[in-house]
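A quick write-up on the structure given underneath.
Any read-out appearing in this document is the output of simple, stated calculations on the displayed coordinates, not a laboratory observation. Note that the coordinates shown come from a computational prediction; the quantities given were computed from them, not determined experimentally. Cβ sites come from the backbone with ideal geometry, for glycine too, and all protein chains shown count toward neighbours.
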Amino acid sequence: MKSLTGRWTFNEDFGFGKDEGFAEFTQIGEALTGVVVYTERIDDETPFRVQQDVEGSFDGVTFKVTGTKVELLDVEKEFEYHLDTWEGILNANNQIVGHSYDDHDCFGVFVMEPIES
């Protein structure tokens, strides 16, 4: 089974804005842990950076991670940020593609690609 351990580019479109950054995962068996760090650009708002600790699983095809902790970086004032869940598949082009959601009905589409070290 392919391991997702390593660093991946991260790009997401959620309709009223875009996220761009990276994800770093450690995989042991099917268990995944890691971090997703990105700049969130919401239409007509000041961009800010987000770091979410994540955990989840990858079974060789199906990918799912959920945020367990969030830290807002470069923000003018703190505000509530809802943890995300990312679900997708590893496709034939070695990309993780799928959708995301949070508990406030914000939905997005994302692509992650490996960064060769």
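Scanning region 74-117 for residues that are among the aromatic types (F, W, Y), surrounded by 14 or more Cβ atoms within 10 Å (Cβ to Cβ) and not in a strand (DSSP E or B) yields one hit, Y81.
Taking region 60-96 as the range and being under 24 Å from P47 (Cβ atoms) and hydrophobic (A, V, I, L, M, F, W, C) as the test, the residues that pass are V65, V70, L72, L73, V75, F79, L83, W86, I96.
Residues that are β-branched (V, I, T) and under 10 Å from the mean Cα position of the chain (by Cα) within region 69-95 comprise just one, T85.
Contact map, region 21-41: residues that are closer than 11 Å to W8 by Cβ and touching a residue at least 40 places away in the same chain (Cβ under 8 Å) paired with residues that are crowded, with 20+ Cβ neighbours inside 10 Å and of a type in the set (S, T, N, Q), Cβ distance under 6 Å, separation 6+ or inter-chain. Pairs shown: V36/Q52.
Return the only residue of S100, S57 being of a type in the set (S, T, Y) and out of contact with any Leu (no Cβ under 8 Å at 6 or more places or on another chain). Steps first, please.
Details: S57 fails: out of contact with any Leu (no Cβ under 8 Å at 6 or more places or on another chain).
After applying the criteria, what remains is S100.
Taken together, the criteria place S57 among residues that are hydroxyl-bearing (S, T, Y) and more than 20 Å from T39 (Cα to Cα).
T66 meets all of the listed conditions (1) closer than 17 Å to G6 by Cα; (2) under 10 Å from the mean Cα position of the chain (by Cα); (3) among the polar types (S, T, N, Q) but one, namely (1). What's the number of the only condition in (1) more than 16 Å from T39 (Cα to Cα); (2) out of contact with any strand residue (DSSP E or B) (no Cβ under 6 Å at 6 or more places or on another chain) that F79 fails to meet? Result: F79 fails condition (1) only. Check region 80-93 and report whether any residue there is under 13 Å from T5 (Cα atoms), out of contact with any helix residue (DSSP H, G or I) (no Cβ under 8 Å at 6 or more places or on another chain) and of a type in the set (G, A, S). No, every residue in region 80-93 fails to be under 13 Å from T5 (Cα atoms), out of contact with any helix residue (DSSP H, G or I) (no Cβ under 8 Å at 6 or more places or on another chain) and of a type in the set (G, A, S).
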